[in-house]
1. Any chance you could count how many residues in segment 201-232 are farther than 21 Å from Phe3 by Cβ and hydroxyl-bearing (Ser, Thr, Tyr)?
2. If you scan segment 237-261, which residues turn out to be assigned to a loop (DSSP other than H, G, I, E, B) and more than 17 Å from Ile28 (Cβ to Cβ)?
3. Among the residues in segment 41-61, are any in a helix (DSSP H, G or I) and either in contact with a Cys (Cβ under 8 Å, 6 or more places away or on another chain) or over 22 Å from Gly14 (Cα atoms) (or both)?
4. If you check every pair at least six apart or on different chains, which have Cβ atoms under 8 Å apart with a residue in segment 166-190 that is closer than 12 Å to Asp138 by Cα and charged (D, E, K, R) first and a residue that is assigned to a helix (DSSP H, G or I) and at pLDDT 90 or above second?
5. Only one of these conditions is not met by Val231: (1) without any contact (Cβ under 8 Å) to a residue 24 or more places away in the chain; (2) in contact with a helix residue (DSSP H, G or I) (Cβ under 7 Å, 6 or more places away or on another chain); (3) not hydroxyl-bearing (Ser, Thr, Tyr). Which number is it?
6. Please pick out the residue among Thr205, Thr199 that is hydroxyl-bearing (Ser, Thr, Tyr) and either surrounded by 17 or more Cβ atoms within 10 Å (Cβ to Cβ) or under 27 Å from Phe72 (Cβ atoms) (or both).
7. Select from segment 13-40 the residues that are part of a helix (DSSP H, G or I) and modelled with pLDDT of 80 or more and write down the one among them that is farthest from the chain's Cα centre (by Cα).
8. Residue under question is Tyr257, and the condition is that it be over 23 Å from Thr107 (Cβ atoms) and more than 18 Å from the chain's Cα centre (by Cα); does it hold?
Amino acid sequence: MNFIEVFWLSLVEGLTEFLPVSSTGHLILLSSFFGIQEEGFVKAFTIIIQFGAILAVVALYWKRFLPIRFEFYKKLFVAVLPAVVIGFAFKNKLDDLLDSSILVATTFILGGVVLIWSDTKFKDDGNSESKNKKQIEDLTLKECLALGFIQCLAMIPGTSRSGATIIGGLFLGLTRKAAAEFSFFLAVPTLTGAALLKTIKIMKTIEPAQYQFLGLGLVLSFIFALMSVKVMIGLVSRYGYKHFGYYRIIFGIIIFYIALK
């Protein structure tokens, strides 16, 4: 692994982690492009630099996380439970899906269609006819649990954790902005827990010389995630999610082409 690969992997992780386009799918394809998908350190690298992206959300929304508000954290706790239970129960089977380019391509395209459809189904927040006027504070614990189960769809590579949570939030009546922000907040405990477990498991395999790559990757993913989250909120508030849908469909077709070539 070299610094050019570190830059591109960090760029992709930071920019796509919170967009409804699946960071996992992009990282699988990029690793394949560089021919480094079989290297153990690359897998460790893509997991550990998630902490940089997570920190970006905390930095941008620190007023949500501090001071500690019981109701807010209770909703996050309930919403993250399904991922914990299902993740532990089906971990080995889910890991086997990561190498399927055809599956990633299929879920990219299907997810894109759903995002385009969502802009027709859920009208602009400012429209007087819009039913989507809820804010995060209006969510019940039952609705948070439902969002947690919907988030679990992202365990299928290419689905997008952010995309699944956003669509679920729209169905529950959240505004476009609130649905996106709740997906950011839910990512913090979900990604932190998953990344911590995997990091503890693989840390002993990392060589001292590789820590410079990890340090740079963490900083870069933090910077790119900050940019991504800020831009996304502005885009979805004004234009919705259809453009992400078009991107997913085009990207999925490209993956199909590469996989079947």
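The values are calculated or read from the model by the stated rules, or taken from the named source; none is laboratory data. Note that the structure is predicted; figures quoted are calculated from it, not measured. Neighbour counts are summed over all protein chains in view; Cβ atoms, including those assigned to glycine, are modelled from backbone coordinates with ideal geometry.
1. The number of residues fulfilling the criteria is 1.
2. Hits for segment 237-261 are Gly240, Tyr241.
3. no
4. Listed pairs, sorted by first residue: none to list.
5. Unmet condition: (2).
6. One residue alone meets the criteria, Thr199.
7. The extreme case among them is Leu30.
8. no
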